[in-house]
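Working notes for the structure below.
Just so you know, all these numbers are worked out from the coordinates, no wet-lab data involved. This structure is a prediction, so every number in the text was calculated from the model and none was measured. Cβ sites come from the backbone with ideal geometry, for glycine too, and all protein chains shown count toward neighbours.
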Amino acid sequence: MHTVQLLLKTSKYERHEIDRRFHALAHLHNVCVKHARKCMIRLQHDKRYAELRQLYNELVKKEKMSKEEKSQKKKLAKQLAACRTEQGLSKASLEHYIKVCGKQFSKLLSSQQVQAEADRVWCGVERCLFGNGKELHFKKLMDFDTIGGKSNKNGARFDLDAMYVNWLGLSLKCYLPKSENSLSYVWESLKGKISYCNIKRLMFSSGWRYYAEIVVSGDAPTRVSIGTSTMGIDPGVSTIAGVSEDACVLEELAPNAIQYEKKIQKISQSMDRSRRISNPNKYNEDGTINRSNRDPWKYSKNYVKMRRLLKSLYRKKHAYIVDSHRKLCNKLITIARYFPVEKMHFQALQKKAKETRRQEKKTEVKQKDGTVKGFSRFLTDIRRIDANYNVRYLEAEYNFAVSSAQMAASWAEVSQDGDRYDLQYRTAGDDHVREEHRPLNGVTLPPSNDFWRYYYPPNGWNCRCTAVQVLKGKYPTSDDKQAIQAGNRMTDTPKKRIFRFNPGIDGQLFPPKHPYYKLSREAAEQVKKVVIELQADPIETPEQLADELNRIGKRWFEHGPAQLSTTTQKGVNGYTYMDGRIYLAPERMQRAIDGINRMSEGTAATFEQEDALSTLWHEITHNRNKHGNMRLGKTETRYMELANEFVTRNTLSEFFGALGGELHAKELLTNRVSTGYNRMVRNFDALIDATGADRKTVTEAVQDALFNTPYDKQKEGLVKSLIKGGAKKKDGTVLKKGELGQWMKYCVDFGEDMLKTLFKTSL
């Protein structure tokens, strides 16, 4: 069995109708749970059942049983099952009970959908009776997200030919993915027999979205080639390691899940504060909940909004973790076919974390009793040392290189602003911050101060400190002498003293006095050879290009990682869904890939390749927008695209620099004829020049409005940007908001020649 999930196209009425059905099934679920709990209480008070259970447990505890005891065990099992059936605790009994209760909802739910919910309740009963379940719980309406089925002939029926779901008077169309690869995979997955169809809903920040979860018999189609070797797997709490004859893998499990956890924690705290403010009588003086107060809970509109957002974050976190695990599985499958896995005892790991013991120091060759270790034991210990001193050290050096590169890039931005902003030193702020780093937390000084020359983070292996720009005067300026003294104390040993450098100023990832720079000639040649080999691996597919973008420009895809595909849609260079998914025309996608490969080789890209990369940067810029009003009219769309293309051109050189190359076709900054927005942007450029506005100020303001305001407000953002830039007439008169709004309309509607004529007569 495998599943295919398709988004349903729903109107307002259909969404209301589906919510009614979810509400009805949630009610039936809780009614069935209430009935099952009563039956379980009666069963607990049944003395005969208790006696039979005691006899059965005594037989189970025996290591060896005779034939008579085995026969007695089977007889007792049948008697126990009969007792449960008498009390109404069986699958058939629950199905019959919920069927009778569900007759009042016959127009909303089919009989099989109701029975499927009874099966879910029975699974919970089984866990309580035979597993580690303690209590059967009721289910909140918000947590009720699936309406199951049993066959494709009853309830929600999926029509493969029409791609519709027919469900008791509702006819719901299924959306198909636009990507050719995804679409072909869906068609391949639906070739098997349709077993049944579930209706699923997922919470987004905008509300519920509804999906058809189609269960298909047979195996799912394979999308990756399967390896032939054997790989041993050692799972950890947060990492997984694998070793085969051909490869060695050490991966962190879902490394970016922490970003969702931080947001979830923040929203949960806000919800708790809101709930306490709205319900003061529901809490005791010590802050605990007053259980004696039976008044209904009151929730503010903001609380309801945050609750919806919290559920959406949990959905995003779950989707990310599942996607990350699936990608890791696909990676491992391409390497090996057989996976022997070490059994993990996580409870033992928890105990070990709570009770850390310090072992006595002993030699590597002799054991505690003085006897010599066997070779196998000695080899095991040596491998453990290798893991400590090579793998862990390598990981620390990798983390330092990544942090150093990020801080160097940040320093480049800081340098451009000069001393217009202050720079503030910040630690991670948790219990793992080193004591010598804590005194530097909050140090605020201008970037030109000598303190940043030597104590700009990172300041050690696995250092998580950072430095951020803050507004001038927002924080008091620190005493630079005291800050330098604290920095000296932080790096007061020879091993720590090498970290007195600034990666942005020195232009080096590692400290100048790092042992790496003392390599022998042979070692240096080997390192150079490896670097060349790594650089020689070209990008061939859109997926590889997406991986490269995620590596070098994580900040560009805050709404979702980059996912690149080609499109057959005519008349477009590319488009995006603003969640990381970007589609380019096939020829532009190939030119973008070829251009990046040429730059990685140290060769300049061609004009066509740089133009294609400009299209890619245009769509990436779209991805940096906060999701606002997307139902735009024709005029609003023009202003939005004008702002996006303007920002794209003014940051294009930075994009090429991040790719490791240089933009040679400088005309793309002012005249990119391949885009349909060229005339509008050129008109806006001409308006900036004609009004004498400061281009840098205007660019920063347009970018801020583009990234942080809804799409339907971009005209206002453009006008305000010109005002901030100091737009004036030739006589020095400051242009008002209404006048600039009219000029923006001219930029969108008029040709270049006509606009230049207006400049001469009206400005």
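Structure summary
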quantity: Amide proton proximity set for GLN563, modelled H, under 5 Å, gap of 5+; calculated: ARG581, ILE582
quantity: Cα gyration tensor shape for the stretch 610-688, rounded if a/c is under 1.5, else prolate or oblate; calculated: oblate
quantity: Value of Rg to Rh for the stretch 55-185 (Rh from inverse mean 1/r over Cα pairs, i.e. Kirkwood); calculated: 1.16
quantity: Relative pair counts by distance (%), Cα atoms of the stretch 128-213, 5 Å bins; calculated: 3, 11, 16, 19, 17, 14, 8, 6, 4, 1
quantity: ³J(HN,Hα) computed for each position of the stretch 486-498 - Karplus, 6.51 cos²θ - 1.76 cosθ + 1.60, integer Hz, glycine/proline x; calculated: 5, x, 5, 5, 5, 10, 8, 10, x, 5, 8, 5, 5
quantity: Cα-based radius of gyration of the stretch 695-763 once divided by 2.2 N^0.38 Å, which approximates compact folds; calculated: 1.14
quantity: Between 0 and 90°, nearest 10: helix 521-535 axis offset from the chain longest Cα axis; calculated: 80
quantity: The stretch 541-620: C-alpha pair distances exceeding 15 Å, %; calculated: 53
quantity: Sparse-neighbour loop sites [trypsin sites (Lys or Arg not before Pro); the stretch 98-181; at most 13 other C-beta within 10 Å; DSSP]; calculated: LYS107, LYS134, LYS140, LYS153
quantity: Volume per residue that the Cα convex hull of the chain spans, once the total is divided by residue count, Å³; calculated: 278
quantity: For the stretch 206-285: span of alpha carbons on each principal axis (Å, largest first); calculated: 65, 34, 21
quantity: Tilt relative to the chain, helix 678-691 - C-alpha long axis, 0 to 90 degrees, to 10; calculated: 50
quantity: Mean residue ellipticity (222 nm) of the chain, computed from DSSP H runs ≥ 4 via -39,500 (n - 2.57), nearest 500; calculated: -16500 deg cm²/dmol
quantity: Difference of contour (0.36 nm per residue) and Cα-Cα distance, SER66 to GLU662; calculated: 206.3 nm
quantity: Fraction in percent of alpha-carbon pairs per bin - 10 Å, the stretch 39-116; calculated: 17, 33, 23, 17, 8, 1
quantity: 0 to 90° range, to nearest 10: angle between helix 180-189 axis and the chain longest Cα axis; calculated: 10
quantity: Radius, Kirkwood style, for the stretch 538-762 when every pair of distinct Cα atoms is counted (Å); calculated: 18.2
quantity: Global geometry of the stretch 398-488, whether rounded, prolate or oblate, following the gyration tensor of its Cα atoms and the 1.5 cut on a/c; calculated: oblate
quantity: Two-site label geometry, LYS178 and HIS96: point separation in nm, points 7 Å out along Cα→Cβ; calculated: 5.5
quantity: Euclidean distance of C-alpha centroids, the stretch 4-81 and the stretch 417-451, integer Å; calculated: 59
quantity: Cleavage-rule hits (trypsin sites (Lys or Arg not before Pro)) in the stretch 191-275: DSSP loop, at most 13 neighbouring Cβ within 10 angstrom; calculated: LYS191, LYS193, ARG223
quantity: Loop GluC sites (Glu not before Pro), the stretch 11-100, which have at most 16 other Cβ atoms in a 10 Å radius of their Cβ (DSSP); calculated: GLU63
